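What follows is a set of notes on a single structure, which appears directly below.
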Amino acid sequence: MSSPSDAEVIGRSLGEPEAFGLIYDRHAAALLRFLGRRAGARVAEGLVGELFRIAFERRKAFDPSRGSALPWLYGIGSNLLLKHRRGEARRLRASARMAAAEAAEKRTTTAALDARLLFPRVADAIEALPDDEREALLLFAWEELPYQSVAEALDLPIGTVRSRLNRARARLRELLEPKGKGKVRSQ
Amino acid sequence: MKPVDLARKLRREAAFEPAALDRGKETLMAAIRQEVEPRRRPTIIPQLPYENVGAALSFLERAFGFQVIPASRLEGADGVVHHALVEFGDGVIGIGTQGAHGAISPQSGGIESQYVSVAVADVETHYRRALAAGARIAKEPRDHGSGAHAYEAFDPEGHRWRFVHQRLREVR
């Protein structure tokens, strides 16, 4: 016998609220990792319960034609993260430093120098994106959600997600591109 | 490198405390209880203290036919139950670890300071079930002048329970 879909469980939880516990058991670990990647362990640990509490309270609004609740939960998480933008920015910069240090270990001096300049620029570029583009980009690039799921998470038509991602890509390319002769590579 | 691939390089996992998911679930369950509460719970809920809540719950279910309200179960990270609500008919009572709110189990304190009276439809059947589950009987079933038929039993920690059926007085 196959286990009930998220939509079925959420449907059941309308009359039998305890059933919603199963949604937590299924997806909490993934959402905790998502929040952790974005805002660090401490914030994520504080938010994961909050995220599911909000989901529980809004469960009537869940569209049962979607089988999985995961994109919907990501969307609630994305909204919660908006209040933690500063922490997110800090974490992103720290990740850039670590990525640069890692690259330095296994590359030639020039490449290492490159990485040291490049990764902080990537972090800044991501930071500089408008909220909606950054969100679409990170759900796609970090969470590896397909377009359709990003669309469900952000409650947007898939075409809008596509154009946001294209804009985000273009902006990153622009921000990462050496301006004039001030190239990323230095001598 | 493509922009998306560059962005991927900055993806970094966080290290969580082992109990992080349990604490999150407790937040959710509290919200669920909140919603379940107004429908099911009476205004006054007595709370009984026990040394071993888990053992008490299973006895109360087995011997007296009470039912644990699943969403009300509070468990520690080690799986030990600290508190739960049990229901019977439209009554609810809390079963909790002694000392948490000052009260102690008769098993520790050596005295009974209250008893709980429970209305049942059929005293004799209830009595036989309790007896079969090993309940210690305090008073055998009997009729009272008031029109009540009742018996009393102790649970494993010495709380006294009275099960009573009140016959309706004839209206003249």
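Values quoted throughout were computed directly from the atomic coordinates according to the rules given, and no laboratory measurement underlies them. Because the structure is predicted, anything quoted here is derived from the model rather than measured. Cβ coordinates were reconstructed from backbone atoms using ideal geometry, including for glycine residues, and neighbour counts include every protein chain displayed.
For B:Leu57, what charge total do you get from the other residues with a beta carbon under 15 Å from its beta carbon, if Lys and Arg give +1 and Asp and Glu give -1?
Working: positive: B:Arg62, B:Arg73; negative: B:Glu51, B:Glu61, B:Glu75, B:Glu87, B:Asp155, B:Glu157.
Net charge around B:Leu57: -4.
When you look at the Cβ of every residue in B:14-26, what mean number of other chain Cβ atoms sits within 10 Å?
Values: counts 15, 3, 10, 3, 0, 1, 11, 9, 2, 4, 16, 7, 1.
Per residue, the number of nearby Cβ atoms from other chains is 6 on average.
Where a ≥ b ≥ c are the square roots of the eigenvalues of the C-alpha gyration tensor, would you call region B:1-41 rounded, which needs a/c under 1.5, or, failing that, prolate if a/b is larger than b/c, or oblate? Write out the running numbers ahead of the final one.
Numbers: a/c = 11.37, a/b = 2.85, b/c = 3.99.
The shape class here is oblate.
Taking the 0 to 90 degree range and rounding to the nearest ten, how far is the long axis of helix A:41-57 tilted relative to the main principal axis of chain A, both from C-alpha atoms?
30 degrees
Label-point separation (nm) for B:His101 and A:Tyr147, each offset 7 Å from Cα along Cα-to-Cβ?
5.7 nm
Evaluate the Debye formula for region A:1-58 with equal point scatterers sitting on the alpha carbons, no solvent, and hand back log10 of I(q)/I(0) at q = 0.24, 0.26 Å⁻¹, in q order, two decimals.
One equal scatterer on each Cα of region A:1-58 leads to -0.92, -1.01.
Can I get the semi-axes of chain A's equivalent ellipsoid? Compute them from the C-alpha gyration tensor as square roots of 5 times the eigenvalues, in angstrom, largest first. Mind dumping the intermediate values first?
Details: eigenvalues 278, 63, 35 Å².
Over the Cα atoms of chain A, the semi-axes work out to 37, 18, 13 Å.
For region B:73-172, what is the convex hull (Cα atoms) projected area averaged across all directions, in square nanometres?
Numbers: hull surface 33.7 nm².
Hull-based average projected area comes out at 8.4 nm².
Along its principal axes, what span do the Cα atoms of the protein assembly as shown show, with the longest given first and each in whole Å?
Sorted from largest, the Cα extents of the protein assembly as shown read 104, 43, 37 Å.
Over all residues in A:129-141, what is the mean tally of Cβ atoms on other chains that come within 10 Å of each residue's Cβ? Mind showing how you got there, number by number?
Working: counts 1, 0, 0, 0, 0, 1, 0, 0, 3, 4, 0, 3, 9.
Taking all residues of A:129-141 together, the mean is 2.
Out of all DSSP beta bridges in the protein assembly as shown, what portion is antiparallel? Express it as a percent rounded to 5. Intermediate values should be presented prior to the final figure.
Values: 23 of 32 bridges.
That works out to approximately 70 percent antiparallel.
Over region A:1-137, calculate the relative contact order: mean separation of alpha carbon pairs under 8 Å at least 6 apart, over the residue count, as a percent.
The normalised contact order for region A:1-137 reaches 21 percent.
A:Ala104 label point, 7 Å along Cα→Cβ, cut-off 14 Å on backbone N: hits in region A:120-147?
Answer for this model: A:120.
Name the long-range amide H neighbours of B:Phe66: under 5 Å, sequence gap of 5 or more, or other chain; modelled H, no Pro or chain starts.
Close amide H contacts, sequence-distant or interchain: B:Glu61.
Efficiency by 1/(1 + (r/R0)^6): what FRET value for B:Val116 and A:Asp131, r their Cβ-Cβ distance, R0 = 56 Å, to the nearest 0.05? List each step's numbers first, then the result.
Details: r = 57 Å, r/R0 = 1.01.
Efficiency for this residue pair is about 0.50.
Mind putting a number on the dipole of the protein assembly as shown about its Cα centre? Charges go on the C-beta only, +1 for Lys and Arg and -1 for Asp and Glu, and I need it in Debye to the nearest 20. Each step should come with its number before you reach the end.
On the way: 56 positive and 47 negative charges, 422 e Å.
Roughly 2020 debye for the protein assembly as shown.
Would you please name the GluC sites (Glu not before Pro) within region B:71-172 that are DSSP coil residues with at most 13 other C-beta atoms within 10 Å of their C-beta? Intermediate values should be presented prior to the final figure.
Working: sites: B:Glu75, B:Glu87, B:Glu112, B:Glu124, B:Glu152, B:Glu157, B:Glu170; in loops: B:Glu112, B:Glu157, B:Glu170.
Loop-located and lightly packed - B:Glu112, B:Glu170.
Calculated from DSSP H runs of 4 or more alone, at -39500 (n - 2.57) each and per residue, what is the 222 nm mean residue ellipticity of the protein assembly as shown, nearest 500? Show your work: numbers first, answer last.
Details: 14 runs with 189 residues, N = 359.
Computed mean residue ellipticity for the protein assembly as shown: -17000 deg cm²/dmol.
May I ask you to derive the FRET efficiency for B:Arg23 and A:Ala7 from their Cβ-Cβ distance with R0 = 25 Å, giving the value to the nearest 0.05? Don't skip to the answer; put the middle values down first.
Numbers: r = 27 Å, r/R0 = 1.09.
Once rounded, the FRET efficiency stands at 0.35.
Project the alpha carbons of region B:1-152 onto their principal axes and report the range along each, largest first, in whole Å.
91, 33, 29
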